[in-house]
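Undergrad: Can you read through this structure? Questions will come right after.
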Amino acid sequence: MTTEKSKILVIGGTGYIGKFIVEGSAKSGHQTFALVREASLSDPAKGKMVQNFKDLGVTILNGDLSDKESLVKAIQHVDVVISTVGLSQLMNQLNIISAIKESGKHIKRFLPSEFGNDVDRTLATGPAKSEFSMKAEVRRAVEAEGVPYTYVINNCFDGYFLATLAQCETRLTSPPRDKVTIYGDGNAKAILNKEEDIAAYTMRAVDDPRTLNKTVYINPPKNIVSQNDVVALWESKIGKTLEKTYVSEEELLKKIPQSPHPLDLLLALNHAIFVKGDQTWFTIEPSFGVEASQLYPDVKYTSVNEYLSQYCTIKTVDDPKTVNKILYIKPPENTLSMNEMVAFVSGSMNVIMSINHSVFVKGDQKNFTIEPSFGLEASVLYLDVMYTCIDEYLSHFA
Ligand SMILES: NC(=O)c1ccc[n+]([C@@H]2O[C@H](COP(=O)([O-])OP(=O)(O)OC[C@H]3O[C@@H](n4cnc5c(N)ncnc54)[C@H](OP(=O)(O)O)[C@@H]3O)[C@@H](O)[C@H]2O)c1
């Protein structure tokens, strides 16, 4: 495997998944460029995101998919081009392909905007099928032009599908605590991944010869679950049974064409993924694909179980005192001036040294038994809390 990290251009970096890809690229040590439209810079939210990119060392290049010259210029800077443009821009990616050819630059890899289901192996119907066929058309153009490629199939984004318990059309930002709609019998297996993990696997793949001209599937075993599995897991976490409404495949297929856009698309995606099992029905053959968690076992991905746990630790969500209020996290002990902080650290040196002595020399935290008369151990008490082990914590810095 090559050790030299490619220079990466992200087109669509201010979008939903694009933000994670830009950040993942910069944080993993790739010299990173983001092509950003002039208009985005004047948008307050996007402007803040762009500033964050700059703080991470990302070079911002102005440009637009419809301005070929800006694409050619941007491509001159890099070895790898990643597109994360949204649905309405999928076909405009043909401009990226021709800009890659025109640039005369040897581009080592192009990752078109995929980041979903495998569009060459799909059981989708209706608007989902139309979306997928555009991505397939872009694939055929990439292959016909001989541009080296990798197609990243991350299946479902957690933020869209797990936070909603597989009801992406609800746009919920945290799982419901009262009721849920189950599609079909709820047993078809899907694959749900956290956005940061998708970025981490993508970054591993860009320079890996094993992924050249291949489809990379992000199918980590703990994240292959049905809608019923996800709902049952959530119910066990909140200690409550949700009211369930079952929508049969027949009813869903009837509802899709009657729904306005984009609801029709979201329902069609639910049909493909959670009724037909679009992400799990086929076998990955070495001739066309590789699986990311097998290729990169050191990437500590977030399991569905761990992801759902985050919603159980937010104290304010169920607290009526915080409704329609801004919650400030300003504990008095943590409010310090710079001078106070410096004085605190230097004045505390003897305390820190004596804590180190008791903990690491005397074994102060381990040298007694917890008796039921005075104590309880948390990981025994709350088995469902997925705590971060030391190995995982240290991996963040590797
Ligand atoms: N697996 C899943 O669960 C899932 C869910 C949603 C999407 N996806 C897939 O993920 C991919 C990205 O979708 P997304 O929802 O993250 O995209 P998005 O949020 O709609 O972002 C689109 C990006 O494209 C940029 N863009 C739009 N028009 C452009 C132009 N003319 N020139 C240059 N840039 C332009 C936007 O820039 P501005 O900021 O300037 O608008 C933005 O950065 C798609 O392939 C989509 O199908 C997957």
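Undergrad: Within region 213-223, does at least one residue satisfy the condition of being under 21 Å from residue 21 (Cα atoms), surrounded by fewer than 19 Cβ atoms within 10 Å (Cβ to Cβ) and touching a Ser or Thr at 6+ places or on another chain (Cβ under 9 Å)? Spell out the reasoning first.
TA: We begin by selecting, within region 213-223, every residue under 21 Å from residue 21 (Cα atoms); these are 213-220, 223.
When the remaining residues are screened for being surrounded by fewer than 19 Cβ atoms within 10 Å (Cβ to Cβ), the result is 213.
Okay, now just the ones that are also touching a Ser or Thr at 6+ places or on another chain (Cβ under 9 Å), so 213.
Yes, there is a match, as at least one residue in region 213-223 is under 21 Å from residue 21 (Cα atoms), surrounded by fewer than 19 Cβ atoms within 10 Å (Cβ to Cβ) and touching a Ser or Thr at 6+ places or on another chain (Cβ under 9 Å).
Undergrad: Still on this structure, please answer the following. Test residue 48 against the stated conditions and say whether it is surrounded by fewer than 19 Cβ atoms within 10 Å (Cβ to Cβ), out of contact with any His (no Cβ under 8 Å at 6 or more places or on another chain), modelled with pLDDT under 95 and charged (D, E, K, R). Reasoning before the result, please.
TA: On the way: surrounded by fewer than 19 Cβ atoms within 10 Å (Cβ to Cβ): yes; out of contact with any His (no Cβ under 8 Å at 6 or more places or on another chain): yes; modelled with pLDDT under 95: yes; charged (D, E, K, R): yes.
Spelling it out, residue 48 is indeed surrounded by fewer than 19 Cβ atoms within 10 Å (Cβ to Cβ), out of contact with any His (no Cβ under 8 Å at 6 or more places or on another chain), modelled with pLDDT under 95 and charged (D, E, K, R).
Undergrad: If you take the residues in region 59-84 that are more than 10 Å from the ligand (Cβ to nearest atom), out of contact with any Lys or Arg (no Cβ under 8 Å at 6 or more places or on another chain) and without any contact (Cβ under 8 Å) to a residue 40 or more places away in the chain, which one is farthest from residue 102 (Cα to Cα)?
TA: Selected residue: 59.
Undergrad: So residue 14 clears everything in (1) under 22 Å from residue 197 (Cα atoms); (2) within 7 Å of the ligand (Cβ to nearest atom); (3) surrounded by fewer than 17 Cβ atoms within 10 Å (Cβ to Cβ) except one condition, right? Which one?
TA: Only one criterion is unmet by residue 14, namely (3).
Undergrad: A follow-up question, please. If you scan region 179-205, which residues turn out to be in a strand (DSSP E or B) and among the β-branched types (Val, Ile, Thr)? Don't jump to the end; show me each part of the working.
TA: To start, the set of residues in region 179-205 that are in a strand (DSSP E or B) comprises 179-183, 189-193.
Answer for region 179-205, where residues must be in a strand (DSSP E or B) and among the β-branched types (Val, Ile, Thr): 180, 181, 182, 191.
Undergrad: Kindly evaluate residue 284 against the criterion of being farther than 18 Å from residue 226 by Cβ, modelled with pLDDT of 95 or more and β-branched (Val, Ile, Thr).
TA: Values: farther than 18 Å from residue 226 by Cβ: yes; modelled with pLDDT of 95 or more: yes; β-branched (Val, Ile, Thr): yes.
For residue 284, the condition - farther than 18 Å from residue 226 by Cβ, modelled with pLDDT of 95 or more and β-branched (Val, Ile, Thr) - is met.
Undergrad: With the checklist (1) buried (at least 16 other Cβ atoms within 10 Å of the Cβ); (2) more than 13 Å from the ligand (Cβ to nearest atom); (3) among the aliphatic types (A, V, I, L, M) in hand, flag the one item residue 56 doesn't pass.
TA: (1)
Undergrad: Which one is farthest from residue 48 (Cα to Cα), of the residues in region 89-100 that are without any contact (Cβ under 8 Å) to a residue 60 or more places away in the chain and more than 7 Å from the ligand (Cβ to nearest atom)? If you could, list the steps in order and put the result at the bottom.
TA: First, the residues of region 89-100 that are without any contact (Cβ under 8 Å) to a residue 60 or more places away in the chain: 90-95, 97-100.
Okay, now just the ones that are also more than 7 Å from the ligand (Cβ to nearest atom), so 91, 93-95, 97-100.
Working: 91: 28, 93: 26, 94: 30, 95: 28, 97: 30, 98: 31, 99: 29, 100: 30 Å.
Restricting to residues being without any contact (Cβ under 8 Å) to a residue 60 or more places away in the chain and more than 7 Å from the ligand (Cβ to nearest atom), the top hit is 98.
Undergrad: Can you tell me which condition residue 159 does not meet? The list is (1) assigned to a helix (DSSP H, G or I); (2) in contact with a Pro (Cβ under 7 Å, 6 or more places away or on another chain); (3) within 16 Å of the ligand (Cβ to nearest atom), and all the others hold.
TA: (2)
Undergrad: On to the next question. Tell me whether region 29-36 contains one or more residues that are near the ligand (Cβ under 9 Å from one of its atoms), over 24 Å from residue 198 (Cα atoms) and aliphatic (A, V, I, L, M).
TA: no
Undergrad: I need the full set of residues from region 243-275 which are under 25 Å from residue 305 (Cβ atoms) and surrounded by fewer than 18 Cβ atoms within 10 Å (Cβ to Cβ), in order please.
TA: Selection gives 243, 244, 245, 246.
Undergrad: Related question: Just give me the residues in region 75-113 being hydrophobic (A, V, I, L, M, F, W, C) and more than 26 Å from residue 157 (Cβ to Cβ), in sequence order.
TA: Our first condition is that a residue be hydrophobic (A, V, I, L, M, F, W, C); within region 75-113, this holds for 75, 78, 80-82, 85, 87, 90-91, 94, 96-97, 99-100, 107, 110-111.
Within region 75-113, 75, 99, 100, 107 meet the criteria.
The values are calculated or read from the model by the stated rules, or taken from the named source; none is laboratory data. Since this is a predicted model, take the numbers as computed values, not measurements. Note that we place each Cβ from the backbone using ideal geometry, even for glycine, and neighbour counts take in every protein chain shown.
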